[in-house]
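*Asks:* Before anything else, here's the structure in question.
The values are calculated or read from the model by the stated rules, or taken from the named source; none is laboratory data. These figures come from a predicted structure and were not determined experimentally. Here Cβ is always computed from backbone atoms with ideal geometry, including for glycine, and neighbour counts include all displayed protein chains. Heavy atoms of the whole protein, side chains included, go into the accessibility calculation; ligands, DNA and RNA do not. Shrake-Rupley method; radii C 1.70, N 1.55, O 1.52, S 1.80 Å.
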Amino acid sequence: MLVREAAYVPLTIARQYGGVAGLRRRQLRGVNRLLELACTRVPYYRDDPRYARGPLLGLADLAELPVLDKQVLREQPLERMLADGVDPQQCLSFQTSGSTGRRVRILHDQDSHDYHMAACVRRFLATGRYLPTDRLSHIRPFAPPARMFERFGLFRRQVILSHRPMAEIKAELLANRPKVLIGYPVHLRALLRELTPAELARLRRTLRIVMTESELLLPEHRTTFASQFAAPVFDEYSAFEVLNVTYDCRHGRAHLGEDRVYCEIVDERGRPVPDGEQGQVVVTAFLERAMPLLRYSLGDIGRIEPGRCPCGRRFRTLRLTAGRSNDYVTLPSGERLYPDAFLHLAATHPGISECFVHQEAGGLVRLHIVPSDDTASEQVFTTAREKLFTLAGGEFPLEVVRADSVRITQGGKGRFVTSDLVGPSA
């Protein structure tokens, strides 16, 4: 496993720079192999006539297949999504973050997971600042098992559990003197609020890179992290269902891992939209052999950025734009406000460190504000209301209340928008 993973590393690095035509042919072959596997060996697809077809003639033909969403994974028994003959004990098992209240089990075969792990190396190398011997501190909800190569001082990772008291997190972090700091944006913002000027200065002495993951990273928050930590920021986009999707290069563009995933941006009917237009992110991880997911909707909103990146990589780049596609509040006009609106409010409004929102069944929107300090006045609440009304293009039922912290999901992510609204507009 480790040997195979190491053997894949140079391949994953080289494939970033290959020709586009060859890349598309490789993706088409990979998608067709996955489609054949799904139709012949996976009960869910085998029993659905919509998948009963021959090989795709082009990647555009993939749009003729239905979009698969997380609700299907919640409803289907695990064995109906697994390929015949797959032994779950021989697979890597993951669980989704549980942002909707129920966690879903995902299995990856060992070979595809080894390729994914090899591809993760380029995430670090793409920064142009990382060395495999650098000390790394990772603030996250759970601790994965240590890897064998860490015994030799390579890719060493200190995991600090995010649910621990902030005093303990700070003490461990400062004692490790990391060159690389990784965390969810919500946890890094909390860390910055708690670090004293002396502690921040101490951390800056060794820190060379900040890496974010798992949540929408606004440009304002990227700027804040770069300024406060005095280090460049690199984001990563991934999901347990398909593993890594994008990684940032030093030009700040998020490259799709196109040697193992094919990404589409689609409208509400599941039809692809042109590059540059916003839509739902749909991914097919075509190297998977245990639990294939064809045209899987990640539930996020983004767009493919037109044009080549100056870094020379030939993989397309993706920009997430608004947050989760199913996390929004609905205004009386029928317009929707997505998580980016509330994250932007917290990032730019004086006196607000975080905010999250819940819409009640009758339509009332309750905005929860976490003040940046104890002296935050009612004026902060008033101007926050006015800013949201301006953003929405008019007033709507809104109540602003004080909160102590952001709601965190079972998987450790910040939950910024929830809604119980019922009726046609929902």
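*Asks:* State which residue is most open to solvent (accessible area, probe 1.4 Å) when the search covers only the range 296-315 and only residues that are in contact (Cβ under 8 Å) with a residue 60 or more places away in the chain and more than 17 Å from the chain's Cα centre (by Cα).
*Replies:* Arg314
*Asks:* Cβ-Cβ distance below 6 Å, separation of 6 or more or different chains: which pairs start in the range 14-33 with a residue that is over 18 Å from Arg122 (Cβ atoms) and at pLDDT 95 or above and end on one that is open to solvent by less than 60 Å² (accessible area, probe 1.4 Å) and part of a helix (DSSP H, G or I)?
*Replies:* Qualifying pairs under 6 Å: Leu28/Leu59.
The rows are residues; the columns are (1) outside any helix (DSSP H, G or I); (2) touching a helix residue (DSSP H, G or I) at 6+ places or on another chain (Cβ under 9 Å); (3) under 19 Å from Val245 (Cβ atoms).
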position	(1), (2), (3)
Tyr8	no, yes, yes
Ala14	no, no, no
Arg26	no, yes, yes
Asn32	no, no, no
Glu36	no, no, no
Tyr44	no, yes, no
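*Asks:* Next question. Can you name the residue in the range 360-373 that is out of contact with any helix residue (DSSP H, G or I) (no Cβ under 9 Å at 6 or more places or on another chain) and closer than 18 Å to Glu386 by Cα and is also surrounded by the most Cβ atoms within 10 Å (Cβ to Cβ) among such residues?
*Replies:* His368
*Asks:* Need the failing condition index for Arg385 against (1) open to solvent by 40 Å² or more (accessible area, probe 1.4 Å); (2) touching a residue at least 24 places away in the same chain (Cβ under 8 Å); (3) more than 30 Å from Phe94 (Cβ to Cβ), just the number.
*Replies:* (2)
*Asks:* Grab the strands (runs of 3 or more DSSP E) fully contained in the range 294-374, keeping just those with 1 or more residues being at positive phi.
*Replies:* Working: elements: 296-305, 317-324, 352-359, 365-371.
Passing ranges, in order: 296-305, 317-324.
*Asks:* Still on this structure, I have one more. Among the numbered conditions (1) small (Gly, Ala, Ser); (2) within 30 Å of Leu154 (Cα to Cα); (3) open to solvent by less than 20 Å² (accessible area, probe 1.4 Å), tell me where Ala63 comes up short.
*Replies:* Unmet for Ala63, out of (1) small (Gly, Ala, Ser); (2) within 30 Å of Leu154 (Cα to Cα); (3) open to solvent by less than 20 Å² (accessible area, probe 1.4 Å): (2).
*Asks:* Does Phe142 qualify as being within 18 Å of the chain's Cα centre (by Cα), more than 30 Å from Leu37 (Cα to Cα) and open to solvent by 70 Å² or more (accessible area, probe 1.4 Å)? It would help to see each step written out before you state the result.
*Replies:* Working: within 18 Å of the chain's Cα centre (by Cα): yes; more than 30 Å from Leu37 (Cα to Cα): yes; open to solvent by 70 Å² or more (accessible area, probe 1.4 Å): yes.
So Phe142 fits the description; yes.
*Asks:* While we're looking at this one, here's another question. Within the range 194-228, restricting attention to residues that are under 17 Å from Leu345 (Cα atoms) and surrounded by fewer than 17 Cβ atoms within 10 Å (Cβ to Cβ), which residue is modelled with the highest pLDDT? Steps first, please.
*Replies:* Of all residues in the range 194-228, those under 17 Å from Leu345 (Cα atoms) come to 215-225.
With surrounded by fewer than 17 Cβ atoms within 10 Å (Cβ to Cβ) added as a condition, the list becomes 219-220, 223.
Values: Pro219: 90, Glu220: 91, Thr223: 95.
Selected residue: Thr223.
*Asks:* Take the residues in the range 172-193 that are open to solvent by less than 60 Å² (accessible area, probe 1.4 Å) and charged (D, E, K, R); name whichever of them is farthest from Leu243 (Cα to Cα).
*Replies:* Step one: list which residues in the range 172-193 are open to solvent by less than 60 Å² (accessible area, probe 1.4 Å), which gives 172-174, 176, 178, 180-192.
Now restrict to residues that are charged (D, E, K, R): 172, 189.
Details: Glu172: 28, Arg189: 25 Å.
The residue in question is Glu172.
*Asks:* Have a look at Ser99, Ser93 and point out the one that is at pLDDT below 95, of a type in the set (Ser, Thr, Tyr) and closer than 28 Å to Asp267 by Cα.
*Replies:* On the way: Ser93 fails: closer than 28 Å to Asp267 by Cα.
Going through Ser99, Ser93 in turn, the sole match is Ser99.
*Asks:* Looking at the range 192-212, can you tell me whether even one residue there is under 13 Å from the mean Cα position of the chain (by Cα), of a type in the set (Ser, Thr, Tyr) and more than 30 Å from Asn32 (Cβ to Cβ)?
*Replies:* Yes.
*Asks:* For Gly252, state whether it is at pLDDT below 95, open to solvent by 20 Å² or more (accessible area, probe 1.4 Å), on the phi > 0 side of the Ramachandran plot and not polar (S, T, N, Q).
*Replies:* On the way: at pLDDT below 95: yes; open to solvent by 20 Å² or more (accessible area, probe 1.4 Å): yes; on the phi > 0 side of the Ramachandran plot: yes; not polar (S, T, N, Q): yes.
So Gly252 fits the description; yes.
*Asks:* Here's a follow-up. Go through (1) farther than 26 Å from Gly414 by Cβ; (2) at pLDDT 95 or above; (3) among the basic types (Lys, Arg) for Arg151 and report which single condition fails.
*Replies:* Just one mismatch for Arg151, condition (2).
*Asks:* Being without any contact (Cβ under 8 Å) to a residue 24 or more places away in the chain, within 21 Å of Phe234 (Cα to Cα) and buried (at least 17 other Cβ atoms within 10 Å of the Cβ) is true for just one of Arg157, Arg122. Which residue is that?
*Replies:* Details: Arg122 fails: without any contact (Cβ under 8 Å) to a residue 24 or more places away in the chain.
Within the list Arg157, Arg122, the selection yields Arg157.
*Asks:* Given the conditions (1) farther than 22 Å from Met117 by Cα; (2) out of contact with any Asp or Glu (no Cβ under 8 Å at 6 or more places or on another chain); (3) at pLDDT 90 or above; (4) open to solvent by 10 Å² or more (accessible area, probe 1.4 Å), report the number of the one that Leu337 does not fulfil.
*Replies:* (3)
*Asks:* What pairs can you find where one residue is in the range 343-364 and farther than 21 Å from Val380 by Cβ, the other is of a type outside the set (Asp, Glu) and in a strand (DSSP E or B), and their Cβ atoms are less than 6 Å apart, with a gap of 6+ or different chains?
*Replies:* Note: pairs meeting the criteria are Gln359/Val329; Gln359/Val365; Gln359/Ser419.
*Asks:* OK, next. I need the full set of residues from the range 125-139 which are polar (S, T, N, Q) and open to solvent by 20 Å² or more (accessible area, probe 1.4 Å), in order please.
*Replies:* Initially, the range 125-139 is screened for residues polar (S, T, N, Q), giving 127, 133, 137.
Hit for the range 125-139 is Thr133, nothing else.
*Asks:* Looking at (1) open to solvent by 50 Å² or more (accessible area, probe 1.4 Å); (2) over 19 Å from the mean Cα position of the chain (by Cα), find the lone condition where Arg324 falls short.
*Replies:* (2)
*Asks:* Restricting the search to the range 14-54, which residues are in contact with a Leu (Cβ under 7 Å, 6 or more places away or on another chain) and farther than 28 Å from Glu75 by Cβ?
*Replies:* Arg24, Gln27, Leu28
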